[in-house]
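Take a look at the structure set out below.
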Amino acid sequence: MEENENKETAVNKEEIKEETVKTAKEVKETIKNVDIKKDAKATTGFITEMIKNPLTRLKEIANDKDNKDFKYAVVLAVVWLIVNAILDLSSYSSLDSFFAYRFTNHFLSLIKTMIGPIVGIIVMAIIVFAMNKKNKKSFMTILTSITAAQIPVIVADILGLLLLISMSISKLLTPFSMFCTVISTVFTYFAIKALFGEEDNTKFLKTFIIIQAIYYVAYLIISYLEIYI
């Protein structure tokens, strides 16, 4: 029995490695072929669909073998990176202060802030990929589903750019951001539930709690690198 468990672990590691390499290549190709005007409009439509009918859309994404929505996930991830970079840079009094004393530390801090949410999506996707043994999905499908579930948080971060105009808006944005975080958690639940192909909420709740527990252990470990997912 122990041998079978070791073999299964080895297979999981190999599968994750293969899927990660495949996904990285797909991300590279997608970014290379992005038509900013066309894809920005299409991604806006994708977000609108998610807002109008989120549960149905999440189920469609989770069961789409062709990964038609993967490019939207990539565009959203890139936008999220840019927004995080702008928000981090805005914390400095000027660009001169960013390039001043201890520039290396400032630059590393910027990179960590930018990639934090994306690392979070990847970590969650790896956990789901490893645990979802009965209803196997490609890593791209899982990434797309998890990213789609984060749309409320992404929208909240984009609106956070309004703080660059006036800090008084924080009175409205802070509760809105908290609300969006809750909604994204709910979306994540239904996205993973669809990926697992589980219809029974009571039965799946235990699995979701385990996934979240593993995720937060990963959060604690990664936070030691000052990367907050």
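The values are calculated or read from the model by the stated rules, or taken from the named source; none is laboratory data. From a predicted model like this one, the values you see are computed outputs, not experimental measurements. Here Cβ is always computed from backbone atoms with ideal geometry, including for glycine, and neighbour counts include all displayed protein chains.
Consider the range 194-219. How many of its residues are within 17 Å of residue 130 (Cβ to Cβ) and either in contact with a Lys or Arg (Cβ under 9 Å, 6 or more places away or on another chain) or among the acidic types (Asp, Glu) (or both)? Can you show your working first?
We begin by selecting, within the range 194-219, every residue within 17 Å of residue 130 (Cβ to Cβ); these are 195-198, 204, 206-219.
Right, trim to either in contact with a Lys or Arg (Cβ under 9 Å, 6 or more places away or on another chain) or among the acidic types (Asp, Glu) (or both) and you get 195-198, 204, 207-208.
Result for the range 194-219: 7.
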Return the pairs, sorted by first residue and then second, in which the second residue is among the charged types (D, E, K, R), the first residue lies in the range 65-84 and is under 13 Å from residue 145 (Cα atoms), the beta carbons are less than 7 Å apart, and the residues are 6+ apart or on different chains. 70/26; 71/39
Sort out for me the helices (runs of 4 or more DSSP H) sitting completely within the range 151-229 that have 3 or more residues that are in contact with a helix residue (DSSP H, G or I) (Cβ under 6 Å, 6 or more places away or on another chain), farther than 18 Å from residue 84 by Cα and in contact (Cβ under 8 Å) with a residue 24 or more places away in the chain. 170-196, 201-223
Close pairs from the range 48-61: first free of Cβ contacts under 8 Å to residues at least 40 places away in the same chain, partner surrounded by 14 or more Cβ atoms within 10 Å (Cβ to Cβ) and part of a helix (DSSP H, G or I), Cβ under 7 Å, at least 6 apart: 49/57
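Is it fair to say residue 49 is closer than 25 Å to residue 184 by Cα, touching a helix residue (DSSP H, G or I) at 6+ places or on another chain (Cβ under 6 Å), at pLDDT 90 or above and surrounded by fewer than 18 Cβ atoms within 10 Å (Cβ to Cβ)? Don't jump to the end; show me each part of the working.
Numbers: closer than 25 Å to residue 184 by Cα: yes; touching a helix residue (DSSP H, G or I) at 6+ places or on another chain (Cβ under 6 Å): yes; at pLDDT 90 or above: yes; surrounded by fewer than 18 Cβ atoms within 10 Å (Cβ to Cβ): yes.
The answer is yes for residue 49.
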Determine if the range 87-97 includes at least one residue that is of a type outside the set (Ser, Thr, Tyr), surrounded by 17 or more Cβ atoms within 10 Å (Cβ to Cβ) and at pLDDT 90 or above. no
Among the numbered criteria (1) touching a Phe, Trp or Tyr at 6+ places or on another chain (Cβ under 8 Å); (2) under 22 Å from residue 117 (Cα atoms); (3) surrounded by fewer than 18 Cβ atoms within 10 Å (Cβ to Cβ), which single criterion is violated by residue 44? (1)
Please work out which one of (1) over 20 Å from residue 16 (Cα atoms); (2) within 21 Å of the chain's Cα centre (by Cα); (3) surrounded by fewer than 20 Cβ atoms within 10 Å (Cβ to Cβ) is the condition residue 123 fails and give its number. (1)
